[in-house]
Structure formats: structure tokens, C-alpha cells
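The values are calculated or read from the model by the stated rules, or taken from the named source; none is laboratory data. Quantities reported herein were computed from a predicted structural model and do not represent experimental measurements. Backbone-built Cβ (ideal geometry, glycine too); neighbour counts: all protein chains shown. Side chains included, ligands, DNA and RNA excluded: accessible areas come from the protein's heavy atoms. Shrake-Rupley method; radii C 1.70, N 1.55, O 1.52, S 1.80 Å.
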Amino acid sequence: MYFELTEEQLMIRQAARDFAQTELKPGVIERDEHQKFPTEQVKMLGELGFLGMMVSPDYGGSGMDAISYVLAMEELSKIDASASVVVSVNNSLVCYGLEKYGSEAQKQKYLVPLAKGEKLGAFCLSEPEAGSDATSQRTTAVDMGDYYLLNGVKNWITNGNSASTYLVMAQTHPEKRHNGINALIVERDMDGFKVGTKENKLGIRGSDTHSLMFTDVKVPKENRIGEDGFGFKFAMNTLEGGRIGIAAQALGIASGAYELALNYSKERKAFGKTIADLQATQFKLADMATEIEAARLLCLKAAWLKDQGLPYAQASSMAKLYASEVAMRTTVEAVQIHGGYGFVKEYHVERLMRDAKITQIYEGTSEIQRIVISREVLK
Ligand code: CAA
């Protein structure tokens, strides 16, 4: 078993680290405070190939492996989790699904600009009354022959206003329950599509989370992904990879907070020595470092399984479950180590603490991950 990264993986990690320091760090506090989407930074991420990292170069992507994706996600998330969720959704939930299950025409028309970062995508599964219980889709896609008539509301959609390509799950055959759901590609300028309210969030405030409304939207039949009724399996399979991205985001939030706490503890003096000289701080740092390393190994293992073409549903849920809980614990402790300074924005850790919480909620709550894991272990 090798734990070493390749030259290429190391280069990608360094490139993401440099980008985060030079392009994301300046302005991150302001974007968080004013809920400002990182438009310029996302454009640059696209030009550098971070928005279609794992897509084949044949379709405009960078052709990298999932391990590189985890490394990049960790580095970007250390500094700005609002920008990294854009990277994660576009890569894992949109490009991956289109490349794996889309028709050749869909790939040429939609995947290429998404992978090149010329356009952004959104994944639309959640509804006001269908979050964890994803089979209970109320949005309908009535089969009208050449097209589907789409009606309904989606909630909590990341990239809701910045996307131009939306993968929308909707029910076509209610009597077949989850086997009646379809995944449709909806374009932003289709008649009847409307972007709703922007959510005023606790964390990842720089990302744009919106509700979406569909009123008699005519979606051409050729925009359906896969066979009739494949939409739920499409969504579940896509989320397996998405959970690796969010696990790596949680890992980055944790390691970002840990690095800040480590550095601060070596500078801050109290009782005639640095607080790093106090055993109370040392034990906290030891626990944080250990848990972060365990989370990192889970993320890399899940990515490795995916790269090998092996099943990874259980591994990705384990990585997400554990890394998100580590992110929460680590960021709370990082604020504690900073004392009063940790409570003010300039020191970054309070933002990381707020950002950590969403990693236990989106792309399946911690409870959903436990359902997936327990089903696998009880098989
Ligand atoms: N791949 C392929 N098929 C799968 C699958 C997978 N990973 N998981 C389940 N399926 C299939 C099952 O085999 C089953 O098929 P059959 O009927 O043919 O046997 C079918 O899907 C239904 O599966 P279940 O019976 O397991 O369904 P369930 O109702 O018990 O739900 C669940 C399972 C795990 C709870 C699922 O509903 C789930 O994951 N819920 C959470 C949804 C979620 O993560 N939402 C996040 C929204 S996206 C988001 O947050 C993005 C963002 O903007 C950041």
C-alpha cells in the first residue's frame, strides 16, 4: 500500500493552495459578510481547469483523478468554502453525471462548456417537502410526446442564480414512485423557469443558494438523461461522488481552522509563555491533528476506490460523515484556542465554524450517511 502522491497530484495540490492564498483569501471576509458570490474567482477557477477536473479532455475537462480532486477541494476549502462548494457541485453533481450518463449530443452541448468553466451547473433534487426523503418528488414532468411539461419548486439549490444549466429531478409516473422519476436538463432561458429567493445563510454565505420555480416549462425529450424513469438512480449515483467532494470540503474547513489555531498558539502569550506551551492547548492540537488525518485518509480512500472503478458508496458516506463531524469539532476548538479573537471576523475561524455546519447537512445529512453505511454493513 502506497501513501505517496504522484508528481502530478502534488502539483495540483500546490496550484490549488497558491490560488486559495492569492485569489480567494483577499476579500473572503467581505464576500461572507455581504453574501457576495465569488464571480471573478470562479471564472479563474474555470480557466485553470478546476471546474471540470475529472472530465475527459475530449469533453473540455482536465482529465484528473478523484484523488487530485480531493486534494484541490481541501486546499480551496481551507480558505473559502463558499468558492469550493461551487467547484464541488459543478464537478461532482453536474459534470460527472452528464459524462457518465448523458448522450453524446448532451455531452457536446452541455458538458463541454461546463467542464471548461464557461458555464456553471446546478443539481436540483431537494424540494420544500423532499429533502432527505428524496423519493417524494412533487415536481412533475408530464410526458407530452416531444417534450416534458415541467412544474414545481426546488429548494436550497447551490449555484441557483449563477448557473445556466440545471439538472432537475421530476416525477413522470407517480404510480411507479422512485422508478417514475426523470432527470432533465433545463436551460436557464427556457420559458417558465424562474430563480426565486436567495437564502440568507449561517455559513457558506458567498455561495448563492436559491429556490427555483418551474411553471409549464417545455423541456425537449432529448434533454432527458438516460432511460425513462432513471432519474432517481441517476441522482443517487451522482450523490455518491458528490459526497467525496463535500467530505473533502469538510476536511479543508477542519485543516484550515487547525492551521490557524496552531499558528496562533505559537504566537499568543499568556502566563509568561505561549499558549502552545500549555498542556491544555497541546492536547487540543493533538486531537485535532489526529482526527484531521483520519478524515483525510477516509477521503483519499473513497477517491481511490472511485479511481479504481470499485464500489465507493459506503466509503464516500463514511468520509462525509466523519469529515463533517471533525470539521464541526475542530472549528469549535479553533475558536476556543483563539479566545476572544476567535469570536471576531478578522481571525477567520468563526467563519470556518459557521461554514462547517452545512457539511453535516447538504448532499445528505449525517443521518442519511448513517443509513447508507448501515445498509451496506448489514448487507
Ligand atoms: N446508486 C444507484 N441506485 C441507488 C443508489 C445508488 N447509490 N442508492 C439507492 N439506489 C436505488 C435502489 O437500489 C432502489 O432501486 P430499486 O427500487 O430498483 O431496488 C432505489 O434507488 C430506491 O432506493 P432506496 O429504497 O434505498 O430509497 P430510500 O427512499 O430508502 O432512500 C436514501 C434512500 C439513502 C435515504 C436517499 O433518499 C438519500 O440519499 N436521501 C438524501 C438525498 C440527498 O442527499 N439530498 C441532497 C440534495 S443535493 C445537494 O445538497 C446538492 C447541493 O446543492 C450542495
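Quick look at the values:
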{"quantity": "Any hit, region 90-98, residues being farther than 15 Å from Q249 by Cβ, part of a helix (DSSP H, G or I), in contact with a Cys (Cβ under 7 Å, 6 or more places away or on another chain) and within 16 Å of the ligand (Cβ to nearest atom)", "calculated": "no"}
{"quantity": "Qualifying position, being modelled with pLDDT under 95 and in contact with a helix residue (DSSP H, G or I) (Cβ under 9 Å, 6 or more places away or on another chain), among F50, F37, F19, F3", "calculated": "F3"}
{"quantity": "Identity of the residue in region 246-274, assigned to a helix (DSSP H, G or I) and aromatic (F, W, Y), that ends up nearest to S324 (Cα to Cα)", "calculated": "Y258"}
{"quantity": "Hey, R268 open to solvent by 70 Å² or more (accessible area, probe 1.4 Å), within 21 Å of the chain's Cα centre (by Cα) and either at pLDDT 95 or above or over 30 Å from T238 (Cα atoms) (or both) or not", "calculated": "no"}
{"quantity": "Tally of residues being within 16 Å of the ligand (Cβ to nearest atom) and open to solvent by less than 10 Å² (accessible area, probe 1.4 Å) across region 104-126", "calculated": "4"}
{"quantity": "Total residues in region 201-225, condition within 16 Å of the ligand (Cβ to nearest atom) and open to solvent by less than 30 Å² (accessible area, probe 1.4 Å)", "calculated": "10"}
{"quantity": "Qualifying positions in region 301-342 - basic (K, R) and open to solvent by less than 10 Å² (accessible area, probe 1.4 Å)", "calculated": "K320"}
{"quantity": "One residue from V168, V112 being more than 30 Å from V372 (Cβ to Cβ), of a type outside the set (F, W, Y) and over 16 Å from the mean Cα position of the chain (by Cα)", "calculated": "V112"}
{"quantity": "Selection count where residues are surrounded by fewer than 18 Cβ atoms within 10 Å (Cβ to Cβ) and either in a helix (DSSP H, G or I) or touching a residue at least 40 places away in the same chain (Cβ under 8 Å) (or both), scope region 10-39", "calculated": "16"}
{"quantity": "Residues of region 144-197 satisfying the condition of being at pLDDT 95 or above, of a type outside the set (K, R) and open to solvent by 50 Å² or more (accessible area, probe 1.4 Å)", "calculated": "M144, D146, Y147, V153, W156, N161, P174, E175, H178, N179, D189, D191"}
{"quantity": "Matching residues in region 355-379 - criterion: being away from the ligand (no atom under 11 Å from the Cβ) and either among the aliphatic types (A, V, I, L, M) or open to solvent by 40 Å² or more (accessible area, probe 1.4 Å) (or both)", "calculated": "A356, K357, V377, L378, K379"}
{"quantity": "Residues within region 40-76 that are acidic (D, E) and free of Cβ contacts under 8 Å to residues at least 40 places away in the same chain, tallied", "calculated": "2"}
{"quantity": "Pair list, Cβ under 6 Å, 6 or more apart: region 109-121 residue part of a loop (DSSP other than H, G, I, E, B), other residue of a type outside the set (A, V, I, L, M)", "calculated": "K116/G60; G117/G46; K119/P113; K119/S164; K119/T165; L120/N90; L120/N159; L120/S162"}
{"quantity": "Among (1) touching a residue at least 40 places away in the same chain (Cβ under 8 Å); (2) closer than 23 Å to Y69 by Cα - the single one H338 does not satisfy", "calculated": "(2)"}
{"quantity": "Among the candidates S68, S84, residue that is away from the ligand (no atom under 16 Å from the Cβ), in a helix (DSSP H, G or I), of a type in the set (G, A, S) and on the phi < 0 side of the Ramachandran plot", "calculated": "S68"}
{"quantity": "Region 133-158 residues that are within 14 Å of the ligand (Cβ to nearest atom), paired with ones that are modelled with pLDDT under 95 and open to solvent by less than 40 Å² (accessible area, probe 1.4 Å) (beta carbon under 8 Å, 6 or more apart)", "calculated": "S136/A130; Q137/A130"}
{"quantity": "Condition broken by S132, with the remaining ones in (1) open to solvent by 40 Å² or more (accessible area, probe 1.4 Å); (2) modelled with pLDDT of 95 or more; (3) not charged (D, E, K, R) satisfied", "calculated": "(2)"}
